[in-house]
Structure formats: structure tokens, C-alpha cells
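Q: My structure is below; once you've seen it, I'll send some questions.
The values are calculated or read from the model by the stated rules, or taken from the named source; none is laboratory data. Source: prediction; values computed, not measured. All Cβ positions, even for glycine, are placed from backbone atoms using ideal geometry, and neighbour counts span all protein chains on display. In case anyone asks, the SASA skips ligands and DNA or RNA and just uses the protein heavy atoms, side chains included. Shrake-Rupley method; radii C 1.70, N 1.55, O 1.52, S 1.80 Å.
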Amino acid sequence: MKKRYGVVLIGCGHIGEQHLEDIYFRETIKIVATVDNDEERARLFAAKYGADHYGTEYIPYLTLAETDIVIIATYADSHLSIMEDCLRYQKHVLCEKPITPDVQSGRKFYELVKNAKTKVLIAHILRHNKSYQAIADLIHNGAIGDLKLIRMVQNHHTMNWPRYQRLLEVCPPIVDCGVHYIDIMQWFSGSRVVEVSGMGCKLDADAAQDNYGMIHIKMANGCIGYYEAGWSKNLASQNIKEFIGDKGRISLLLRENRSQDREEGDLITVYTNNRGDYQSINIQSKYKDMYAQLSTLIDMIEQNIPANPSIDEVFSAFYIALEADKAIKNGTRLAIQPMGELQENRRNYNSKPYLIKENHHETDQFFDKQIC
Ligand SMILES: NC(=O)c1ccc[n+]([C@@H]2O[C@H](COP(=O)([O-])OP(=O)(O)OC[C@H]3O[C@@H](n4cnc5c(N)ncnc54)[C@H](O)[C@@H]3O)[C@@H](O)[C@H]2O)c1
């Protein structure tokens, strides 16, 4: 019989709810407790997702033997102290990004995870998204030749402005969301960021800091990219994901942004210039596949597989996002120095040939050339 994992959620907010609603009914999961500074939120979550306990303090639930996994879904400024407590009580942890708000505490977090006796996965949810995995496969198998340019925009028109205002007290969107997309740039290109510059501004007077940023990135292999992230009452929601190589182009249109055939899922379009044709791939992909993510942690526990992404990859994306924010604030272009072990950018996603075999590169050769 499969083990049933006891899960404690700390942080009953927007992302905490997305975690629970995708896992609470699974036969391998039991929600032990829900915890929030706001007791009423914790109570509501416990009632909705069948938790045995709820409260404002998490330590009592870390002492329970039935607690196997803790999901940390609070703001980045509390991740380090909660992680320390979870590891002291020898719990496995799924922790939301960004790991912390600044590089000093980020290094402590990194060391803590590196030395952990239990398993820790940082919630880079797009690593578990089927559409992003398919695009990685296509690129890694040479569908568009050598990746040259990455264009990504992720702007939110904020309906729940107070939630974003609270997030802005800790991190600007270029860091909060940027860690995902910088990780994608390194994952897809198989290279690492060597240079970053950017600009940002405060679009809303009542934002705690810049709530819009635009960064330019150069990778060691010559690939370049830009990323734009904003949360504002004034911005339109916009989502551009485009990857251009020397033999073609891949673009991703999420299901919710499709005007038709939405029921088919996300739409990946692959243009190849040697044939001048377009191929459409529909992927039944959940944007935030929380169960796939938690299943990765369970596989780490049961099969000792590595984290995806590794803590080195997580730290690397986090560090670059902070440097990007610094470049915006100081109006400078920054070189990103290799950071010993932290520069490691291995591809631990198990790539399989996906489609379009005509342009197939010898994968190992491709990566020998790309990885630095
Ligand atoms: N992976 C993703 O796609 C994704 C998406 C959204 C948010 N996030 C991340 O998740 C984190 C939370 O964001 P959110 O949008 O859910 O915020 P939110 O404001 O909706 O929820 C946060 C909740 O945590 C509670 N909380 C804060 N500190 C606490 C503490 N020390 N102990 C107990 N409860 C505490 C708050 O009361 C609130 O209910 C942030 O780090 C954010 O960057 C990740």
C-alpha cells in the first residue's frame, strides 16, 4: 500500500490555496494542519481541505510524527526562519520562491538546504509545467537550431491590489516572478547568465517600491533575452513567451489566452525556416501543476532523485534576479560572476526527443557546446 504523507501548510493565502486544492483529495496525501498569522484564514482552510488542526503557530504541528512534509507559502522574509525550524524537526519541505528577500539571507538559506538531512524542493512551478517541459525538449533536441533570443513578458493587471501591495513590501516583481523566468532562460539555453541590465519604475504611487521592471540578459553562449514583469492597477495583463533560434521559432500561448480551441490546452507553435512551415502542438497542461511538483518531492524522498531545480539552480536564478534589481536601481549594467559551486547549471530534467526529428542535434554534443 502506498504511504500517505501528512502535510502541513504554513501560509493560507493565494498560493497556499493553489497548493492545497490540487493535493488535498489525493490518496497519498493527508492535510494535517493549516497555519496562518490570521487564525480565521487557517480555520477556513482547515474546514475546506479537511485538515485535522489549524492555528497561528506552526511548531506544535512540526512536533507531530504524522507530519512528513511542510509547505511554506508565506512571504520570502519568513522562509529562512521557518525552513530552519522545519529542518530542526526533520521534516521534508516544499518552499515557495523567492527563497529570501536578499543575498545574505539567501546564502544562509542555500547552506541550510545544502546540508539538510531531509528533502527540500523550492517551488519553481514552471519546471513541472508540461508545456514548458515540451518546449525545453524541443529546444534541447534542436527543433529551432541554436537558441539565440528569448522574449518573455509577464504583466499582471491587479484585481486584488492589497495582495500585491503586501508582496511589494518584500520583493519587486522582477525578483518575485523573475526567479522563475531567469531559471527558464538558463534551463532552456543550457547556459548561464553573464550580464544583466534593466530599468524599472513605480507605476502606482501607493506601491512600496518599483512595481514594473524590464531586464536585458546575456548568456555565456551568446544567447540574449529580455524579461518584463509588472503588477499594477494600470497595466494590461500580458503574457509573451517566445524562443528564437537560428533555424526557427517557438511560441507559447497559454490556454486562457487562446481565443479559440481553448479546450485543447496550451498551444505551442513551432516555426521551422528550412521548410517554412508551422506546427501546432496542443498540450493539456495545468499552468501550476502543484501535484506534479509535490510528487517530485515525494520521488525525492522515496527514490532519492535530485531536486528539480537543484538548489544551485535556484540560488543562481535568485542571485541574478537580485543583481537585475540592483542594476535597475543603480542604472548600471552588471557582469554576473561565476560563483564556485553555485555556477553549476546542470540539466536535471530528463529530456526525451519530443517532435520534429528532422532538425535533431546530437543532444550530448549540443550540451557540450552550450554548458559552461
Ligand atoms: N510559485 C508561484 O507561482 C507563486 C505564485 C504566487 C505567489 N508565490 C509566492 O508565494 C508566497 C506567498 O504569496 P501569496 O501570493 O500566496 O501571498 P498572500 O498574501 O496571498 O498569502 C500569504 C499568506 O501567508 C500568511 N503569512 C505571512 N507570514 C506568515 C507567517 N510567518 N506565519 C504564518 N502565516 C503567514 C499571510 O497571513 C497570508 O495569508 C510569496 O513568496 C510569493 O512570491 C508563488
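Q: Semi-axes of the equivalent ellipsoid for the chain, please: Cα gyration tensor eigenvalues, times 5, square-rooted, ordered largest first, whole Å.
A: Equivalent ellipsoid of the chain: 33, 24, 21 Å, largest first.
Q: If the cut-off is a Cα-Cα distance under 12 Å, which aspartates and glutamates reach residue 2, setting aside same-chain residues fewer than 8 apart in sequence?
A: Within the straight-line limit of under 12 Å, residue 2 reaches these aspartates and glutamates: 27, 302.
Q: Something else now. Cα centroids of segment 202-279 and segment 1-34: how far apart, whole angstrom?
A: Cα centres, segment 202-279 to segment 1-34: 31 Å.
Q: Which residue, chosen from 5, 35, 20, occupies the Cα position most advanced towards the positive end of the dipole of segment 5-123, where the dipole is computed from +1 (Lys, Arg) and -1 (Asp, Glu) charges on Cβ about the Cα centre?
A: The residue sitting farthest along the positive end of the dipole is 5.
Q: Continuing with this model, one more query. Among the lysines, which fall within straight-line cross-link reach of residue 233, defined as a Cα-Cα distance under 16 Å, with same-chain neighbours fewer than 8 residues apart omitted?
A: 202
Q: Antiparallel versus total DSSP beta bridges in the chain: what percent is that, nearest 5? Walk me through the numbers before you get to the answer.
A: On the way: 41 of 70 bridges.
Looking only at bridges with both residues in the chain, the antiparallel portion is about 60 percent.
Q: With runs of 4+ DSSP H residues as the only contributors, calculate the mean residue ellipticity of the chain at 222 nm using -39,500 (n - 2.57) per run, divided by the residue total and rounded to the nearest 500.
A: -10000 deg cm²/dmol
Q: If you don't mind, there's one more thing I want to ask. List, in the order given, every pair from 3/119; 247/326; 97/241 whose Cα-Cα distance in the structure shown is over 25 Å. Don't skip to the answer; put the middle values down first.
A: Working: 3/119 16 Å; 247/326 35 Å; 97/241 21 Å.
Table pairs above 25 Å Cα-Cα are 247/326.
Q: Taking the solvent-accessible surface of protein heavy atoms with a 1.4 Å probe, what is the per residue accessible area of the chain in Å²?
A: 43
Q: Send over the Kirkwood Rh of segment 5-123, from the inverse of the averaged 1/r over different Cα pairs, rounded to one decimal Å. It would help to have the intermediate numbers written out before the result.
A: Details: mean 1/r = 0.0713 Å⁻¹.
Computed over segment 5-123, the radius equals 14.0 Å.
Q: Once you put a point 7 Å from the Cα of residue 304 and another 7 Å from the Cα of residue 203, both along the Cβ direction, what distance in nm separates them?
A: Placing both labels 7 Å along Cα→Cβ, they lie 4.8 nm apart.
Q: Evaluate the relative contact order of the chain (contact order divided by residue number), counting alpha-carbon pairs under 8 angstrom at least 6 apart; express in whole percent.
A: 19
Q: With charges only on Cβ, +1 for K and R and -1 for D and E, what is the dipole size of segment 173-305 about its Cα centre, in debye, rounded to 20?
A: 320
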